[in-house]
Amino acid sequence: MALANELKRDVSAIGLNHSLRGDLGLNSLDAIELMFRVEEEFDLSIPDADLQKLVTVGDLVTYIEGKLQPS
């Protein structure tokens, strides 16, 4: 939902295969703001190196799920 809110789009209009930058139009500042919101919402830290690997919505979801899994 943070992504839909950030982009001011309906959740149903955003698919897992959508590219964050290409399909959804996130620029660098948008991406940083989104990551701050995700970090706050899920109480996790996303290193800059990992941020570069998050290309699609699905990549972001998988990343968050992986971080939230108990070790």
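Bear in mind that the values in this text are calculations on the coordinates, not laboratory data. As the structure is a computational prediction, the values presented were derived from the model and not from experiment.
What value, in deg cm²/dmol to 500, does the helix sum -39500 (n - 2.57) over DSSP H runs of n ≥ 4 give at 222 nm once divided by the residues of the chain?
Rounded to the nearest 500, the figure is -15000 deg cm²/dmol.
Averaging over all projection directions, find the projected area of the Cα convex hull of the chain and quote it in nm² with one decimal place.
4.6
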(message) Helix 57-68 against the longest principal axis of the chain: what's the angle in degrees, Cα atoms only, rounded to the nearest 10?
(response) 20
(request) Report, in degrees rounded to the nearest 10, the 0 to 90 angle that the Cα long axis of helix 28-42 makes with the longest principal axis of the chain. (result) 50
(request) Report, by chain and number, residues whose modeled amide H sits under 5 Å from the one on residue 56, excluding near sequence neighbours (fewer than 5 apart, same chain). (result) 20
(message) With θ taken as phi - 60° and the coefficients 6.51, -1.76 and 1.60, list the Karplus ³J(HN,Hα) couplings across the range 10-23 in order, rounded to whole Hz; mark glycine and proline as x.
(response) 6, 4, 5, 8, 10, x, 4, 8, 5, 6, 4, 8, x, 6
(message) At a threshold of 8 angstrom on Cα-Cα distance, excluding pairs fewer than six apart, so keeping six or more, what relative contact order does the range 2-68 reach in percent?
(response) 39
